[in-house]
Amino acid sequence: MDDGWGNPNEYFNHGNCGICDEEVQMMGRQIRLVLMLLAFVVILFSTVLVLETTKSEEQIKKVVFRSSPPTDVHSVHIQNDFGDIYVDFLDGGYVLGEVPIDVVDMELFVDMMTDVADVYALTEIKSPQNLEIYGLNNKTAVVKVTYMDSNEMTLNIGNYEPISKGYYCSISDYDGVYLIAEDRVNGFIQPEKYFISKYVTPPKPAQSQSSLGHVKGMTLEGGALLEKVILSPVEAENEQIMIDVISFGSATHLIEINGMKYRVDQRYAALVFDSVIGLKAKDIIDYNLSEEAMETFGFENPDMHVVFDFKRTPNDGIIQYDIKVLEKNGSFYASCNNRGIIYQLNPPYFYSVTVEKFPVRWFFSPLLFELKALEIKRADEFYLFELSGTTNNDLAVTCNGESFDLNRFRRFYKLITSGAHDNTMSEQIEVSEPSLMEITYSYRNVNKQEDVLKLYAGESRRHYAKVNGMTRFTIKELFHTRVSQALDLLFTDEVFEIDW
């Protein structure tokens with residue numbers, strides 16, 4: 001251990017005094033012992049001094065100045081480094097300065113109102129010294145409160161005390177200096193915008209497992225999108241939607257592309273909806289702005305525009321949220337529902353969405369009981385499968401008028417409905433007739449139009465897929481190969497491959 005004295009042997013001349021090495025070592029140990037005792041005495045003395053010094057600031061007991069509910073507060077005036085904050089009770093409710101009532105963060109607001117209604121200190125400083133020591137000459141904040149019974153109280157907030165994690169303060173009509181817990185002072189030292197909720201849109205209920213049931217329609221324009229996206233919810237009340245969804249068996253939402261409806265990929269939609277519901281700002285840039293000021297900032301021509309209908313619970317009404325997003329030098333800003341608030345965002349997920357990821361990859365997947373007939377054309381060959389029956393017990397199928405094994409047809413149908421694009425979407429492609437193969441779904445519902453998938457030769461082992469007259473997707477040519485192989489083996493007992 002280095003005690004600051006170095007090696008004691010260095011301070012003795014062995015040759016001149018005749019002291020042996022053993023005696024020198026013993027003296028060294030004695031010196032070290034004396035030093036250790038001295039250090040202990042110094043520490044003990046210092047501790048006594050600290051205890052004596054802090055005796056004048058010892059904790060005595062919790063000091064209660066007022067104990068009442070937040071609704072007992074009539075008005076609050078806070079002065080701090082950011083300016084003035086006013087809270088007034090008007091017409092049966094509270095008004096918080098220039099903050100619109102519908103965007104107030106109620107949790108933060110109620111916390112602050114609780115702190116001015118139920119006022120107490122954790123400690124009282126005995127025999128306080130100069131007020132400057134506690135920051136009460138140059139105050140951090142001054143809080144003036146008027147209560148419903150017309151009584152008043154002023155809290156002067158001083159310096160932060162890091163050890164006890166509190167603020168020194170003085171209270172009107174009391175002579176002492178007190179220490180109030182940090183969390184009960186926090187609301188007094190903030191700017192007014194602190195009380196604005198950072199939620200641009202409300203979060204889904206805590207008990208909800210998915211956002212899919214809360215978004216009742218959405219449109220997206222801009223961002224990474226090259227065209228407008230319209231998402232429609234599948235609801236029993238919408239007769240046309242229920243007819244459209246027959247093509248896909250089941251769905252939560254449909255997407256409209258060039259006037260055509262496709263089933264929305266639920267996984268991708270959930271990612272998009274999750275990024276829009278509960279959208280939270282990282283900062284409030286400005287608020288209480290006029291429409292002209294918002295337009296001047298740039299929201300007249302946003303980089304992205306998202307509108308969606310939100311239903312919090314089945315019993316709640318629908319609320320529409322209109323979000324405009326601007327990107328400036330890598331920073332993202334948003335407005336919502338013409339609130340006059342500029343929110344700063346982290347890069348939102350929905351800003352990077354692409355249209356080709358919304359439709360499920362499978363073109364058509366109707367339930368067998370919805371199907372009247374399945375027709376396949378290949379070159380000069382024609383296959384017509386017709387279905388009858390309404391239950392598993394009486395479901396039957398024929399092919400070109402002849403009875404066909406139902407289990408074999410189910411396997412073949414699984415292959416047919418596996419037809420899917422490869423996530424490549426483009427503008428309308430002009431193709432030359434005739435097609436390599438044509439698959440037509442006819443339905444029992446007389447109001448449901450046929451669905452038609454046609455395959456055309458493409459490039460790079462791809463075929464172009466024309467879906468109900470629109471050619472915007474490609475599909476691996478192996479799908480055509482597998483269907484052709486199955487047709488060749490259709491009337492044999494051989495098992496055909498359905499994976500591709």
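The values are calculated or read from the model by the stated rules, or taken from the named source; none is laboratory data. The model shown is predicted, which means the values in this text are computed figures rather than measured ones. Cβ sites come from the backbone with ideal geometry, for glycine too, and all protein chains shown count toward neighbours.
What to note about this one:
- Among (1) at pLDDT 95 or above; (2) of a type outside the set (A, V, I, L, M); (3) farther than 30 Å from Glu295 by Cβ; (4) buried (at least 17 other Cβ atoms within 10 Å of the Cβ) - the single one Thr398 does not satisfy: (4)
- Only a single criterion out of (1) surrounded by 14 or more Cβ atoms within 10 Å (Cβ to Cβ); (2) of a type outside the set (Phe, Trp, Tyr); (3) assigned by the TED database to the domain that holds Lys282; (4) in contact (Cβ under 8 Å) with a residue 60 or more places away in the chain is not satisfied by Val200, namely (3).
- Subset of region 251-288 (residues that are free of Cβ contacts under 8 Å to residues at least 12 places away in the same chain and under 17 Å from Gly213 (Cα atoms)): Arg267
- You will find that of Asn137, Asn151, Asn186, the residue that is surrounded by fewer than 17 Cβ atoms within 10 Å (Cβ to Cβ), in contact with an Asp or Glu (Cβ under 9 Å, 6 or more places away or on another chain), at negative phi and not charged (D, E, K, R) is Asn186 and no other.
- Matching strands (runs of 3 or more DSSP E) fully within region 255-311 where at least 2 residues are modelled with pLDDT of 95 or more and more than 26 Å from Glu427 (Cα to Cα): 283-286, 304-311
- A single entry from Pro233, Pro191 fulfils the requirement of being in contact (Cβ under 8 Å) with a residue 12 or more places away in the chain and in the same structural domain as Ser352 (by the TED database): Pro233.
- Segments classed as strands (runs of 3 or more DSSP E), wholly inside region 401-472, with at least 2 members that are within 23 Å of Gly259 (Cα to Cα) and free of Cβ contacts under 8 Å to residues at least 24 places away in the same chain: 451-457
- Residue match in region 198-208 (condition: in contact with a Pro (Cβ under 9 Å, 6 or more places away or on another chain) and either under 30 Å from Gly278 (Cβ atoms) or at pLDDT 95 or above (or both)): no
- Filtering region 95-131 to residues that are part of a loop (DSSP other than H, G, I, E, B) and within 29 Å of Lys62 (Cβ to Cβ) leaves Asp105, Leu122, Lys126, Ser127, Pro128, Gln129, Asn130.
- Selection of first residues in region 160-173 that are on the phi > 0 side of the Ramachandran plot and of second residues that are surrounded by 14 or more Cβ atoms within 10 Å (Cβ to Cβ) and at pLDDT 95 or above, restricted to Cβ pairs under 8 Å at least 6 apart or on distinct chains, gives the following pairs, ordered by first then second residue: Lys165/Ala181; Lys165/Glu182; Asp173/Met153.
- Phe297 being assigned by the TED database to the domain that holds Asn346, within 27 Å of Glu192 (Cα to Cα), touching a Leu at 6+ places or on another chain (Cβ under 8 Å) and of a type outside the set (Val, Ile, Thr): yes
- Qualifying positions in region 476-500 - under 51 Å from the mean Cα position of the chain (by Cα), among the hydroxyl-bearing types (Ser, Thr, Tyr) and part of a loop (DSSP other than H, G, I, E, B): none
- Here is the figure for region 229-254: residues that are closer than 21 Å to Thr354 by Cβ and outside any strand (DSSP E or B) total 3.
- When the criteria are applied in full, Glu450 fails the requirement of being modelled with pLDDT under 95 and of a type in the set (D, E, K, R).
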